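Visitor: Sharing a structure, written as structure tokens. Questions coming.
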Amino acid sequence: MLLNVGTFIRSATRFSPFIITHSSPSSPSSFCFSFSPKQTVSFTPQSSQMASFTTLSQSPPKLLFRQLFEKESSTYTYLLADCSHPDKPALLIDPVDRTVDRDLNLVKELGLKLIYAMNTHVHADHVTGTGLIKGKVPGVKSVISKASGSKADVFVEAGDKISFGDLFLEVRATPGHTMGCVTYVTGDGPDQPQPRMAFTGDALLIRGCGRTDFQGGSSQQLYKSVHSQIFTLPKETLLYPAHDYKGFSVTTVGEEMLYNPRLTKDEETFKNIMENLNLAYPKMIDVAVPANMVCGLQDLEPKAD
């Protein structure tokens, strides 16, 4: 299978090879992982300007991945599928109501079977698309953390695994932005894609983090969540947030441990930073939170006589 040559290969002399195409939010990233537990790549310098690569024992790709962008709320939606499984089971993380048709058209074009529509938390800046998706695709189950207190078909807690085909996501509780935030991490094992990927929601952003001044937020809790549940992942783990406002699309655990201007500080300094952000009241919060507590379908809830 011919894959696009990408620009995000971080390695020394041995790694599980995959090739990625990266781009700006207006042209979101997409790629498949090709991996093997015994795969190696040899690097032989030919001159100061040339090098040759030899790939051995390459296996077919398993994880299909798309990063999609909703411009009004600067939200990323992620599509993952096991493209080597006969059913091509797929899931969406943090879909937005405005872009449901786009997302479902892509699922259809790629011949995937959508089984889960998932949220990392109850969002305050947009209405989730999970309810609309359930209405358009029979059999899809909505997923959110039990701690969120919202409605869904499946409630997850720390340590749970969400399987799609032969792949799975591990659930890590990362409260602090809201009390119900979770991070979804790709599986750890020889038959799972490497490096691992973590979908951090608003808990950890690229060179930032989510605010902690509403929805049961706590700067102390967020600091502990990130340091204990995200920064303990391998440093090469790819981090994909729910939002970005500066044109970035991906980071790594190692980068954020070095360069995140908030979470590289000690806990007390971090708390002071978060208490003095002086952020405006979210313009969508009064609509988004009530809607997202009922899977984005509050207008369809039966009204009392």
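Visitor: For segment 150-169, name all the residues that are among the polar types (S, T, N, Q) and open to solvent by less than 30 Å² (accessible area, probe 1.4 Å).
Guide: Filtering segment 150-169 down to residues among the polar types (S, T, N, Q) leaves 150, 163.
Selection gives Ser150 alone.
Visitor: Still on this structure, please answer the following. Tell me, which residue of segment 262-291 that is within 17 Å of Thr178 (Cβ to Cβ) and modelled with pLDDT under 90 is most open to solvent (accessible area, probe 1.4 Å)?
Guide: Looking at residues that are within 17 Å of Thr178 (Cβ to Cβ) and modelled with pLDDT under 90, I get Tyr281.
Visitor: I'm checking my understanding of the structure. Among residues of segment 85-120 that are among the acidic types (Asp, Glu) and part of a loop (DSSP other than H, G, I, E, B), which one is most open to solvent (accessible area, probe 1.4 Å)?
Guide: Asp87
Visitor: Taking segment 220-229 as the search range and keeping residues that are of a type in the set (S, T, N, Q) and in contact with a Ser or Thr (Cβ under 6 Å, 6 or more places away or on another chain), which one is surrounded by the fewest Cβ atoms within 10 Å (Cβ to Cβ)?
Guide: Gln229
Visitor: Also, I was wondering about something else. Does any residue of segment 250-261 turn out to be open to solvent by 60 Å² or more (accessible area, probe 1.4 Å), in contact with a Ser or Thr (Cβ under 6 Å, 6 or more places away or on another chain) and either in a helix (DSSP H, G or I) or under 28 Å from Arg66 (Cβ atoms) (or both)?
Guide: No, there is no match, as no residue in segment 250-261 is open to solvent by 60 Å² or more (accessible area, probe 1.4 Å), in contact with a Ser or Thr (Cβ under 6 Å, 6 or more places away or on another chain) and either in a helix (DSSP H, G or I) or under 28 Å from Arg66 (Cβ atoms) (or both).
Visitor: Restrict the check to segment 179-187 and report whether at least one residue is in a loop (DSSP other than H, G, I, E, B), touching a Leu at 6+ places or on another chain (Cβ under 9 Å), more than 19 Å from Leu263 (Cβ to Cβ) and touching a residue at least 12 places away in the same chain (Cβ under 8 Å).
Guide: For segment 179-187, residues in a loop (DSSP other than H, G, I, E, B), touching a Leu at 6+ places or on another chain (Cβ under 9 Å), more than 19 Å from Leu263 (Cβ to Cβ) and touching a residue at least 12 places away in the same chain (Cβ under 8 Å): present.
Visitor: Now for a different question. Do we have Thr232 as open to solvent by 10 Å² or more (accessible area, probe 1.4 Å) and without any contact (Cβ under 8 Å) to a residue 12 or more places away in the chain here?
Guide: Spelling it out, Thr232 is indeed open to solvent by 10 Å² or more (accessible area, probe 1.4 Å) and without any contact (Cβ under 8 Å) to a residue 12 or more places away in the chain.
Visitor: Condition first: more than 15 Å from Leu297 (Cα to Cα) and outside any strand (DSSP E or B). Now tell me which residues in segment 150-178 satisfy that.
Guide: Selection gives Glu157, Ala158, Gly159, Asp160, Gly165, Asp166, Thr174, Pro175, Gly176, His177, Thr178.
Visitor: Open to solvent by less than 20 Å² (accessible area, probe 1.4 Å), assigned to a loop (DSSP other than H, G, I, E, B) and under 21 Å from Ala117 (Cα atoms): is that true of Gly210 in this structure?
Guide: no
Visitor: Which residue, of Asn272, Asn278, is polar (S, T, N, Q) and not in a helix (DSSP H, G or I)?
Guide: Of the residues listed, the single one that is polar (S, T, N, Q) and not in a helix (DSSP H, G or I) is Asn278.
Visitor: Is it the case that segment 237-245 has a residue that's more than 18 Å from Arg172 (Cα to Cα) and open to solvent by 40 Å² or more (accessible area, probe 1.4 Å)?
Guide: There is at least one residue in segment 237-245 that is more than 18 Å from Arg172 (Cα to Cα) and open to solvent by 40 Å² or more (accessible area, probe 1.4 Å).
Visitor: Right, Gln215: closer than 22 Å to Glu275 by Cβ, of a type in the set (S, T, N, Q), open to solvent by 20 Å² or more (accessible area, probe 1.4 Å) and in a loop (DSSP other than H, G, I, E, B) or not?
Guide: Here the answer is yes, as Gln215 does meet what is asked.
Visitor: Given (1) closer than 12 Å to His121 by Cβ; (2) among the aliphatic types (A, V, I, L, M); (3) in contact with a strand residue (DSSP E or B) (Cβ under 8 Å, 6 or more places away or on another chain), identify the lone condition not met by Met179.
Guide: Of (1) closer than 12 Å to His121 by Cβ; (2) among the aliphatic types (A, V, I, L, M); (3) in contact with a strand residue (DSSP E or B) (Cβ under 8 Å, 6 or more places away or on another chain), only one is false for Met179: (3).
Visitor: Another question, then. Restricting to segment 133-149, name every residue that is surrounded by fewer than 23 Cβ atoms within 10 Å (Cβ to Cβ) and outside any strand (DSSP E or B).
Guide: Residues satisfying the conditions are Lys134, Gly135, Lys136, Val137, Pro138, Gly139, Val140, Lys146, Ala147, Gly149.
Visitor: Is it the case, given these coordinates, that Leu205 is open to solvent by 10 Å² or more (accessible area, probe 1.4 Å) and within 15 Å of the chain's Cα centre (by Cα)?
Guide: yes
The values are calculated or read from the model by the stated rules, or taken from the named source; none is laboratory data. What you are looking at is a predicted structure, and each value in this text was computed from that prediction instead of being measured. For neighbour counting, all protein chains shown are included, and Cβ atoms are generated from backbone atoms with ideal geometry for every residue, glycine included. Areas reflect the complete protein model, heavy atoms only, side chains present, ligands, DNA and RNA absent. Shrake-Rupley method; radii C 1.70, N 1.55, O 1.52, S 1.80 Å.
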